[in-house]
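Shown next, in structure tokens, is the structure this report addresses.
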Amino acid sequence: MNAVVFGSSGGIGRALTENLVQSGAWPRVFAVSRSSAGLDGATPLKADFLDEAALEAAAQAIGADGPVTLCIVASGLLSDAAGLQPEKSYRQQSAAAFERVFAANTIAPALIAKHMLPLMPKKERSVFAALSARVGSISDNGLGGWHAYRASKAALNMLIRNYALEQARRAPGNICVGLHPGTVDTGLSRPFQSGVAEGKLFTPAQSAAYLLGVIGGLTQEHSGKCFDWSGKEILP
């Protein structure tokens, strides 16, 4: 009954992994990242999340140790030092940016789900969760902009819904959700923190604790939905 965190070298992923290890609730916590950075008490695995052969090898190593009852995808991309930035206008859109952002935020979680969902028990409660974002909500979008990022997270939310419907037939004990971690003080959000309200910028440890609290309270009726760090449902 093990736990797995994909993206364990990032700020939120590391905090989630550390929290899971410290809780002692899982016999083994696998920390999967592109760098295979070690974390005390966790079992490191290296994988490129867009490389199916690497994901298959990781899944085989994880599955050999027993079933997985918690899998969290904590990776994602918004901007980088090479010039990738969220668009303020449709005039700034580019195919290259869309390809990179969708690869990280939509395709990678999809491939992870492909290889991890088969490791989760059919009847016993288990959770597959992927970090999404409030800006992926179509109904909540009152500002526009950030085209590639918003669209990639909206697509991820649709995938989560699809997986929930399929798992309800194949493995009714499984719960699939998207989770919005809030605005967290990590490299992803750091260039965009100027407008964050006082008290709404979380440390990675705070966000991880909130998210794991939400995960702990999930039931089958929550499967296929997206929730923020406080447990409030984010509408599609």
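The values are calculated or read from the model by the stated rules, or taken from the named source; none is laboratory data. Computed from a predicted model, the values in this text were never measured in an experiment. Glycine also receives a Cβ, built like all others from the backbone with ideal geometry; neighbour counts cover every protein chain displayed.
Among the residues of the stretch 123-137, those identified as under 18 Å from VAL177 (Cβ atoms) and not in a helix (DSSP H, G or I) are GLU124, ARG125, SER126, VAL127, PHE128, ALA129, ALA130, LEU131, SER132, ALA133, SER137. For the stretch 8-25, the candidate set comprises residues that are assigned to a loop (DSSP other than H, G, I, E, B) and of a type in the set (Ser, Thr, Tyr); within that set, the residue that is surrounded by the most Cβ atoms within 10 Å (Cβ to Cβ) is SER8. Scoring PRO191 on the criteria (1) closer than 20 Å to GLN85 by Cβ; (2) at pLDDT below 95; (3) touching a helix residue (DSSP H, G or I) at 6+ places or on another chain (Cβ under 8 Å); (4) not small (Gly, Ala, Ser) leaves a single failure, condition (3). Selection of first residues in the stretch 30-57 that are on the phi > 0 side of the Ramachandran plot and of second residues that are β-branched (Val, Ile, Thr) and modelled with pLDDT of 95 or more, restricted to Cβ pairs under 8 Å at least 6 apart or on distinct chains, gives the following pairs, ordered by first then second residue: GLY41/VAL21; GLY41/VAL29. Scanning the stretch 127-146 for residues that are touching a Pro at 6+ places or on another chain (Cβ under 8 Å), surrounded by fewer than 24 Cβ atoms within 10 Å (Cβ to Cβ) and at negative phi yields SER137, ILE138, SER139.
Listed here are the residues, each with its yes/no results for (1) touching a residue at least 12 places away in the same chain (Cβ under 8 Å); (2) touching a helix residue (DSSP H, G or I) at 6+ places or on another chain (Cβ under 9 Å); (3) not charged (D, E, K, R).
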position	(1), (2), (3)
LEU131	yes, yes, yes
ARG134	yes, yes, no
ASN141	no, yes, yes
GLY144	no, yes, yes
LEU159	yes, yes, yes
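Pairing residues of the stretch 1-25 that are closer than 28 Å to LYS123 by Cβ with residues that are at pLDDT 95 or above and among the aromatic types (Phe, Trp, Tyr), at Cβ distances under 7 Å and at least 6 apart in sequence or on separate chains, gives ASN2/PHE30; VAL4/PHE30; PHE6/PHE49. One residue stands out in the stretch 69-99 among those that are crowded, with 17+ Cβ neighbours inside 10 Å and of a type in the set (Ser, Thr, Tyr): the one that is modelled with the lowest pLDDT, namely SER79.
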